[in-house]
Amino acid sequence: MKDVYILGIESSCDETACAVVKNGTSVLSNVVFSQIDVHKVFGGVVPEIASRNHVEVVDVVTKQALKEAGLTLQDIDAIAVTYGAGLVGALLVGVSYAKGLAQSAKKPLIAVNHIEGHICSNYLSNPDLKPPFLCLLTSGGHTAIVRVDDYVTYTVLCSTADDAIGECFDKVARVLGLPYPGGIYVDKLAQNGKATIPFKSVVLANGNFSFSGIKTAVVNLVHNAEQKGETVNKEDLAQSFTKTAVDGLISRLQKEIETSKINKVAIAGGVAANSYLRQEVAKLEKQGVKVFLPKLCYCGDNGAMIASQGYFQFIEGDFASMDLNACPTLRLRAKYEKK
Ligand code: KG4
Ligand code: ZN
């Protein structure tokens, strides 16, 4: 079969990214322009500023991705773009740009779900990985265990009832006075800490997750200590929080491995970069589970994961029309299996 080259464009939040991927797994270029420094001063992403920055760099980033891949737009088979979930203004920049590009170059357009893209970051890192497998999805906006039935069919087995784990890491970082986005700083602090504080489990009786309780518990603990003039051991707090959150995810994952009889596991999303999470998932190998970890460079938002999912939709003939719109609340296009 002829090689297929997909250009993937991502602009759902604060990264403007574009990549060229061959046959769904081979990354020829992966350009990521991060706006983190712009938003850091505000302690979080400012949607309007994000959109304006995407407008300024999307064309430059795309041209750079083509240049680094050594290809021209004419060599590309299709243009894949994130159309949800995310910030509506930010998504619209990528979608409008991709539509213009597809129209002018007479190339097919492919609409990619950001979350499905994150799952595909595993194919970029482990080309041998094939569905079915279970994926622990941990990002800034989503937390779920997903059964990857095939390259384009996903079944959500459980998810969070409230906040996402990444959001929770960022909130913990904020209350500890760490910069945004704080997950990586909490990760570093936790490495020198002990899990001395007993937090309630993040797993609900119905099998879903809840992170709002532990988030509030951490905030209250810090504020109470401040009021009493006491000092909090930040390292121990970071590790206690991380261990409770991650151990909850792993225990649910273990249950899903047992029930589904699928003993292949991957992780995805920004929080998949967390060192304790990676260490604990890797330990499942001792129980005969095959564990796949995405490379750190593919955990956060990037264009390569979008191009990868775009390739599998290309194979299915799943193309979008010029009516494509941004869909900020898009969910996995999956059957939802209720527990
Ligand atoms: O997947 P992502 O880049 O964006 C969304 O699609 O939401 O995830 C971003 C999240 C942020 O909350 C960030 O703090 C978190 O991933 N994150 C981490 C680490 N690196 C990034 N959380 C914990 N430990 C890390 N090492
Ligand atoms: Zn993401």
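The values are calculated or read from the model by the stated rules, or taken from the named source; none is laboratory data. Quantities reported herein were computed from a predicted structural model and do not represent experimental measurements. Counting neighbours? That spans all protein chains shown, and the Cβs are built from the backbone with ideal geometry, glycine included. Only protein heavy atoms, including side chains, enter the accessible area calculation; ligands, DNA and RNA are left aside. Shrake-Rupley method; radii C 1.70, N 1.55, O 1.52, S 1.80 Å.
Summing charges over all other residues whose Cβ lies under 11 Å from the Cβ of LYS194, with Lys and Arg as +1 and Asp and Glu as -1, gives -1.
Taking every Cα-Cα distance in the range 58-177 and sorting them into 10 Å bins from zero, the calculated P(r) comes out as 11, 32, 33, 20, 4, 0 percent. Here the chain is treated with +1 on each Lys and Arg Cβ and -1 on each Asp and Glu Cβ, and its dipole about the Cα centre works out to around 680 debye. The range 22-81 and the range 99-118 have Cα centres lying 13 Å from one another.
Taking amide H atoms as placed 1.01 Å from N in the peptide plane, the amide H of VAL112 lies under 5 Å from those of VAL81, THR82, TYR83, each 5 or more residues away in sequence or on another chain. Protection proxy ranking of 279-292, 112-125, 297-310, by the mean of other Cβ atoms within 10 Å over each peptide's residues and highest first, is 297-310, 112-125, 279-292.
Put simply, the range 131-293 fits an ellipsoid with semi-axes of 29, 15, 14 Å; these come from the alpha carbon gyration tensor as the roots of five times its eigenvalues, largest first.
Taken along its three principal axes, the alpha carbon spread of the chain comes to 65, 47, 32 Å, from the longest extent down to the shortest. Beta bridges from DSSP with both residues in the chain: antiparallel share about 60 percent, rounded to the nearest 5. For the chain, modelled as a GNM whose springs connect Cα atoms under 10 angstrom apart, the maximal fluctuation among GLU56, GLU226, GLU15 occurs at GLU226. Label-to-label distance for LYS290 and ASP128 is 0.8 nm, based on points extended 7 Å past Cα in the beta-carbon direction.
Per-atom-type breakdown for the range 131-293 gives carbon and sulfur 51% of the accessible area (1.4 Å probe, protein chains only). Each peptide in 172-179, 263-270 was scored by the mean count of other Cβ atoms within 10 Å over its residues; highest first, the order is 263-270, 172-179. With angles folded into 0 to 90 degrees, how steeply does helix 88-105 sit against the dominant principal axis of the chain? Use alpha carbons for both and round to 10. Tilt of helix 88-105: around 20 degrees.
Here is the link list: LYS22/LYS107; LYS264/LYS295; LYS63/LYS106; LYS67/LYS130. Which ones come out longer than 21 Å on Cα distance? Pairs exceeding the cut-off: LYS67/LYS130. Taking the C-alpha atoms only, the angle from helix 114-125 to the longest principal axis of the chain is near 90 degrees. The calculated 222 nm mean residue ellipticity attributable to helices in the chain amounts to -13500 deg cm²/dmol, summing -39500 (n - 2.57) over DSSP H runs of n ≥ 4 and dividing by all residues. Among residues other than ILE6 with Cβ under 9 Å from its Cβ, the summed charge is 0 (Lys and Arg +1, Asp and Glu -1).
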